[in-house]
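Structure, as structure tokens:
The values are calculated or read from the model by the stated rules, or taken from the named source; none is laboratory data. All values derive from a computational prediction rather than experimental measurement. Methodologically, a virtual Cβ is constructed for each residue, glycine included, from the backbone with ideal geometry; neighbour enumeration extends over all protein chains shown.
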Amino acid sequence: MNQTSPNTPQFSRRRFLQMTSLGLAASTAGTLGFNLAPAPLARLRAQQSEGVLRVAWGTPVTLDPMFASADSEIAFLNAIYDYLVDTNAASELVPRLASSWKVSDDGLAYTFTLREGATFHDGSPFTPEDVVWTFQRLREDPESATGQLYANVTDVTAGEDNTVTFTLAQTNPDFLYDISDNRAFILQAEAQNIGEEFNGTGPFILEEYLPGDRAVYRANEAYWAGAPSLSGLEFIYFDDNQAAIAALEGDVVDVALRMDNATFLSLSGASGFNAVAIPTNGHDLVRLRADVEPGNDPRVQQALKLATDRQALYDRVQLGFGAVGKDSPIGPQFGQYFNEAITLPERDPDAARALLAEAGYPDGLDLTLYVPDTRRPRDPGRSAGKPMARGGHPRDHRSGARGGLLLRRGRKLADRHPGHHRVGGRAPRRSSTWRTACAPAPAGTSPALATPKWTS
């Protein structure tokens, strides 16, 4: 089987991250209705003419591609690095640093022909050895978050004619999607100080990085896909999303995203702003560790499900966007893998109490719910505790910055973000709620449509 399909410019959450990193937002806003900034149109056009796009992001925690998970981390790396293979909005595989690939008849060998002319930012050529080294690191590093994902790979070898071959122990129809995993950025062979020094093949070159403050990029004029449309890119970091919105309104940034629904609705009606809701498979969730008590008891798991008032959560948090989830990460964005016939679990507090009593908790269960300090009036985490408490499960909320919450339990970052199993052809990249707003599209173009997102 041969693959040489073009990289068609479709729109998805991952495409959103890429376009922000590529600096294409300003130049393509008209055709896509996609500027990612609720900035006044005059200011946005002035900024566009200066050739620099300023984007507000949450503060990154780790910038080693092997552990990156947050959208701010992936966007930071997307500006610098590239993937071997990528996916578009239709979940179709598209070439990046691999220009084509061939699968053996037995399905155990995948041979990639690499793109000619791609170079790293230091001027050195992109070679098969870079691919081999990158995936050996992702496979073999004992702390790798992708070790299990690539456990079926028995060998990665550089071949003749600028090729790389992956050999599998067993056939895997999703292997090409595994190769496009968020963390599979191609690094230079034998790279040192990964996560602190950045030398990629991507569209922008990092000029300055001030942790917790900003990242400043300049365009890579030698980028294999053509120089970016902007001369520069600046990511400015905020721990508080409300501070990011204030920075947007104060002309400190041109792009703000991941805002809560109430803020999104308020910007939708503001003069000079055109709000755009981006459809994703993102979903809010409560994570319960299933490897330690009490979460390792299926009866406790089921009790929490029965105690959750999903409709009340939806009404309070979503404000009409999206839909009530059905205990599954597979939403409508998965196409044929989404099952519309699944019924909503009914809330049953009495059954929840009975299950807890059977599991050894006749007086209920005390749980501490750690939630990010979003300062959102309708925060999903805080809202989730209320119906659970009414179901007999008192909740203690503790808030903090994302990094602190991840490290508070004394676990590696990789353990906190192992990724999702793939179902069918594609898995959700990250559980998140996306809300952006953008300047009005110029006359004669098609503005984006406000589309609901899936929530669970």
Scan the range 153-168 and tell me whether some residue there is buried (at least 16 other Cβ atoms within 10 Å of the Cβ), of a type outside the set (A, V, I, L, M, F, W, C) and more than 20 Å from Ala118 (Cα to Cα).
no
Has the range 196-213 got at least one residue that is assigned by TED's automatic domain parsing to the domain that holds Ala98, over 21 Å from Asp71 (Cα atoms) and not basic (Lys, Arg)?
no
Matching entry among Gln318, Gln311, Gln302 (being more than 24 Å from the chain's Cα centre (by Cα), of a type outside the set (D, E, K, R) and under 22 Å from Glu340 (Cβ atoms)):
Gln311
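Results for (1) crowded, with 22+ Cβ neighbours inside 10 Å; (2) over 14 Å from the mean Cα position of the chain (by Cα); (3) modelled with pLDDT of 95 or more, shown as yes or no for each residue.
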position: Ala68; (1), (2), (3): yes, no, no
position: Leu84; (1), (2), (3): yes, yes, yes
position: Ala89; (1), (2), (3): no, no, no
position: Ser99; (1), (2), (3): no, yes, yes
position: Ser104; (1), (2), (3): no, yes, yes
position: Leu108; (1), (2), (3): no, yes, yes
position: Ser124; (1), (2), (3): no, yes, yes
Filter result (of a type in the set (D, E, K, R) and surrounded by 16 or more Cβ atoms within 10 Å (Cβ to Cβ)) within the range 318-340
Lys326
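Residue by residue, here is whether (1) in contact with a strand residue (DSSP E or B) (Cβ under 6 Å, 6 or more places away or on another chain); (2) surrounded by fewer than 23 Cβ atoms within 10 Å (Cβ to Cβ) holds:
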| position | (1), (2) |
| --- | --- |
| Asp181 | no, yes |
| Ala189 | no, yes |
| Pro203 | no, no |
| Gly226 | no, yes |
| Asp239 | no, yes |
| Ala246 | no, yes |
| Ser268 | yes, yes |
Just to be sure, is Leu149 within 30 Å of Pro332 (Cβ to Cβ) and in the same structural domain as Asn193 (by TED's automatic domain parsing)?
yes
Among (1) under 18 Å from Ala262 (Cα atoms); (2) touching a Ser or Thr at 6+ places or on another chain (Cβ under 8 Å), which single condition is Gly320 missing?
(2)
Scan the range 117-158 for residues that are assigned to a loop (DSSP other than H, G, I, E, B) and either more than 25 Å from Pro203 (Cα to Cα) or of a type outside the set (A, V, I, L, M, F, W, C) (or both) and report the count.
18
Out of the residues in the range 349-372 that are assigned to a loop (DSSP other than H, G, I, E, B) and surrounded by fewer than 16 Cβ atoms within 10 Å (Cβ to Cβ), which is nearest to the chain's Cα centre (by Cα)?
Asp366
